[in-house]
Structures are given as C-alpha cells and as structure tokens.
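Structure record follows, encoded as structure tokens.
The values are calculated or read from the model by the stated rules, or taken from the named source; none is laboratory data. Quick caveat: nothing in here was measured; it's all calculated off a predicted structure. In this analysis, Cβ positions are derived from the backbone assuming ideal geometry, glycine residues included, and neighbour counts consider all displayed protein chains.
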Amino acid sequence: MEIKEKSVINNAVLNGFIFNLANTLIAKFFGRSIKRDLEYRGSEIVYHYTSFESFQKIITTESLIATNVLYLNDTNEFKYGIDMFEFSLEEILKKKKTSKLIISIIEDIYNKIHESNISDNYVTCFSAEKDQLSQWQAYGDSGRGVAIGFKVTSLSRCFQYHAVGAWVEYDIYRMMNNITLISSEFFNSYSKLVKEFAFEDERHAISIASELYLSQLLPTFIGHYKNSNFKQEKEYRLALKEGKYIQPIELDFMVKNKSLLVPYTKFILKNRDIDDHFKDIPEDMRPAVKPTTVQTTLPIEEIVLGPCVEQAFTEPGLKMFLTKYGYEHIEIKKSCIPLRNFL
C-alpha cells in the first residue's frame with residue numbers, strides 16, 4: 001500500500017487554518033450571544049457615550065476610534081482575560097485523553113503567556129443602556145456630551161476593517177466554560193493539522209501552536225470578557241487586532257492624562273475609505289458604481305443629549321449639523337436623569 005507523502009506546512013496553510021477557526025468560533029459563541037442578549041434587552045441599538053467635540057469628529061470623519069485594550073477603564077482587564085485562558089488550559093490538562101503533543105504545547109504557552117504587557121487588540125465600546133448616569137460621568141463629558149445610538153446589526157460590517165462585534169460576558173461560569181471550549185477546539189483542530197502536514201520536527205509544531213494561540217486566538221477573544229463589577233454597563237464591543245495573519249491596520253497615538261501615549265486606530269466607514277482610495281486613481285479607471293452593500297452613512301438611529309445639556313439651545317444647531325452630513329433622519333432625545341449642571 002502506497003503511503004501518501006505529507007505536504008510541508010507553510011504560512012498560507014496556517015493563515016487559512018487560524019482564520020477559518022477563529023471565524024467558526026466567533027459565529028458559534030458570539031453569534032448566539034448577540035441574538036440572546038438582543039432578545040433580553042429588547043433593543044437593537046447600542047450607545048456610544050462621548051463628548052460633543054468627539055461626536056463632531058465622528059460625524060465629519062465618518063469613523064470611530066478603537067483604543068488599545070490596555071488603556072481601557074478596567075486597568076486589570078487584560079490580566080483578567082489572561083487568567084481566564086490559563087484556567088482553560090488547566091482544565092484541558094486535567095483530561096485523561098490529552099495527548100503528549102497538546103501537553104507540551106500547553107506547557108510552552110504557560111512559559112510565554114505573561115512575557116509581554118503589550119496588546120495588539122483594539123476596541124470601540126458601546127452600551128445597551130441609553131441613559132445611564134455612570135456612563136455619562138465616565139464617558140459623556142460628565143453629562144455634557146451625547147450618547148450616539150447605533151444599529152448593532154450594522155456595526156461590524158460597515159467599516160473598512162473586519163470587525164468582530166460581540167457583547168461583553170460578565171458571568172464567570174459561562175465565561176470559563178466558553179473559553180475552555182474555545183481552547184479545546186483550537187487544540188483539537190491543530191492536532192488534525194499536525195497529522196495532515198509535515199513539520200520540521202515536534203519542537204517546530206509546538207512553537208507554531210504557541211504562536212497561533214498567543215498571537216491570534218487569545219487576542220481575538222480576550223476583549224469580550226470582563227469582571228462582573230462592570231456588568232451594569234451592559235457593554236457591546238467592536239474589536240480589531242493587529243497581526244501578520246490579517247490586514248495591517250494604521251496606528252496612531254494620543255496623549256492622555258498628560259503622561260500616557262495611548263495607541264489607537266480608527267474604524268473608517270467603508271464608503272469613506274473607498275472614496276479616499278479613489279482620489280489617487282484616474283477617473284477613467286475608477287469603477288462605474290460602488291458595491292450596493294456599502295453603507296453611505298454610519299448606522300446611527302438616534303442621539304441622546306446628556307443630562308447637563310440645554311436642549312432648547314443645542315437642538316437647532318445639532319439638527320442643522322446632522323442634515324448637512326446626511327443624517328437628517330436621526331431622532332434627537334434628551335436624558336431623563338435630573339442632573340444639575342454646575343459649570
């Protein structure tokens with residue numbers, strides 16, 4: 001019987017492997033949770049609390065800032081996520097049928113998982129709560145800003161980058177179960193890859209698995225798990241990560257608290273991104289029409305004015321501004337929170 005020679009593993013195969021696996025797991029865990037939580041909240045709108053200055057930039061640039069996860073409000077968030085993934089590895093090691101290869105891979109991951117305090121994961125945050133005092137105080141310019149209501153089902157597909165949209169999970173038992181299943185699926189799929197393709201040696205197979213797990217799998221999911229102390233936020237996130245297996249993203253930096261350089265990127269409306277690229281292409285070489293699936297405006301449904309905003313003075317100018325940029329359909333509402341403006 002002729003034995004079929006294995007193909008040598010290469011970057012193209014690894015790219016396809018991790019891309020397809022990540023998308024399958026995203027659909028399996030996050031797709032269902034979006035549907036479940038939308039039914040629970042009874043709304044398809046999520047709110048981005050921000051200042052009027054930032055709101056103006058969002059509309060005029062048709063983009064949203066995505067901040068590196070290390071600089072979000074929960075200072076222990078990244079470490080919390082790492083702890084959850086370490087727990088999942090421990091659970092897999094307890095299983096009697098765990099192979100020697102997987103045990104070696106997990107031991108290698110353990111040695112590397114705390115090596116760096118640098119993340120290449122970037123997120124934009126929203127809330128299911130349209131008028132929450134803690135959100136106004138933390139993100140809405142102490143009640144003098146706005147809450148922008150976005151249609152959640154349109155968010156992840158309207159930008160130029162491939163964004164992963166999902167609700168943040170606060171339930172620790174569901175969290176641990178999900179991450180354990182995600183890790184298990186990774187190791188099961190990778191074991192099949194090792195059987196199908198030829199690696200240099202066992203050490204080579206172990207090091208590639210560690211790299212894929214730490215630089216691709218973990219960052220894809222770590223931004224959607226958070227300590228239960230923040231559950232009142234009912235947070236929804238758009239996440240994006242940098243890395244060699246996906247489209248490169250453009251990074252920039254902002255100064256925060258006078259001493260921090262915070263890395264960030266932008267989710268730019270796909271329509272705006274296409275227009276920017278067309279500027280450098282001769283007119284006779286441009287496509288006759290854009291794809292019909294490309295949204296021409298951000299999927300904004302309503303604007304909620306903060307509790308310290310004087311609606312009578314603010315609303316006329318706001319309506320003129322929105323009309324100029326093609327958002328005349330947006331409904332303007334006022335916060336119901338009786339918060340006095342002392343400034």
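Quick notes on this one:
- If only residues of the stretch 308-321 that are in contact with a Lys or Arg (Cβ under 8 Å, 6 or more places away or on another chain) and either of a type in the set (Ser, Thr, Tyr) or outside any helix (DSSP H, G or I) (or both) are counted, the one that is surrounded by the fewest Cβ atoms within 10 Å (Cβ to Cβ) is Cys308.
- Among the residues of the stretch 32-62, those that are among the charged types (D, E, K, R), modelled with pLDDT under 80 and surrounded by 15 or more Cβ atoms within 10 Å (Cβ to Cβ) comprise Asp37, Arg41.
- Beta carbons closer than 8 Å, at least 6 apart along the sequence or on distinct chains, pair a first residue in the stretch 131-153 that is over 19 Å from Gln311 (Cβ atoms) with a second that is of a type outside the set (S, T, N, Q) and part of a helix (DSSP H, G or I) for Ser134/Glu233; Gln137/Gly143; Val152/Ile34; Val152/Leu38.
- Considering only residues in the stretch 131-155 that are modelled with pLDDT under 90 and crowded, with 18+ Cβ neighbours inside 10 Å, the one that is farthest from Pro338 (Cα to Cα) turns out to be Leu155.
- Matching entry among Thr180, Thr124 (being in a helix (DSSP H, G or I) and in contact (Cβ under 8 Å) with a residue 24 or more places away in the chain): Thr180
- Search result, residues across the stretch 295-321 that are within 27 Å of the chain's Cα centre (by Cα) and closer than 17 Å to His48 by Cβ: Gln295, Thr297, Leu298, Pro299, Ile300, Glu301, Glu302, Ile303, Val304, Leu305, Gly306
- Flag for Val146 being aliphatic (A, V, I, L, M) and within 16 Å of the chain's Cα centre (by Cα): no
- Filter result (assigned to a loop (DSSP other than H, G, I, E, B) and either over 20 Å from the mean Cα position of the chain (by Cα) or among the hydroxyl-bearing types (Ser, Thr, Tyr) (or both)) within the stretch 74-95: Thr75, Lys95
- Filter pass, Tyr173 being surrounded by 19 or more Cβ atoms within 10 Å (Cβ to Cβ), assigned to a helix (DSSP H, G or I) and either in contact (Cβ under 8 Å) with a residue 24 or more places away in the chain or aromatic (Phe, Trp, Tyr) (or both): no
- Any hit, the stretch 220-237, residues being at pLDDT below 80, touching a helix residue (DSSP H, G or I) at 6+ places or on another chain (Cβ under 9 Å) and part of a strand (DSSP E or B): yes
- Conditions (1) at pLDDT below 90; (2) more than 21 Å from the chain's Cα centre (by Cα); (3) part of a helix (DSSP H, G or I); number of the one not met by His114: (3)
- Within the stretch 318-336, the set of residues being under 16 Å from Thr61 (Cα atoms) and basic (Lys, Arg) comprises Lys324 only.
- Members of the stretch 85-97 that are closer than 17 Å to Ser210 by Cα and touching a residue at least 60 places away in the same chain (Cβ under 8 Å): Phe85, Phe87, Ser88, Leu89, Ile92
- Residues in the stretch 319-339 that are over 26 Å from Ser156 (Cα atoms) and out of contact with any helix residue (DSSP H, G or I) (no Cβ under 9 Å at 6 or more places or on another chain): Lys319, Met320, Cys336, Pro338.
- The one condition from (1) in contact with a strand residue (DSSP E or B) (Cβ under 6 Å, 6 or more places away or on another chain); (2) buried (at least 16 other Cβ atoms within 10 Å of the Cβ); (3) not acidic (Asp, Glu) that Ala198 does not meet is (2).
- Some residue of the stretch 63-73 being modelled with pLDDT of 85 or more, under 22 Å from the mean Cα position of the chain (by Cα) and surrounded by 22 or more Cβ atoms within 10 Å (Cβ to Cβ): yes
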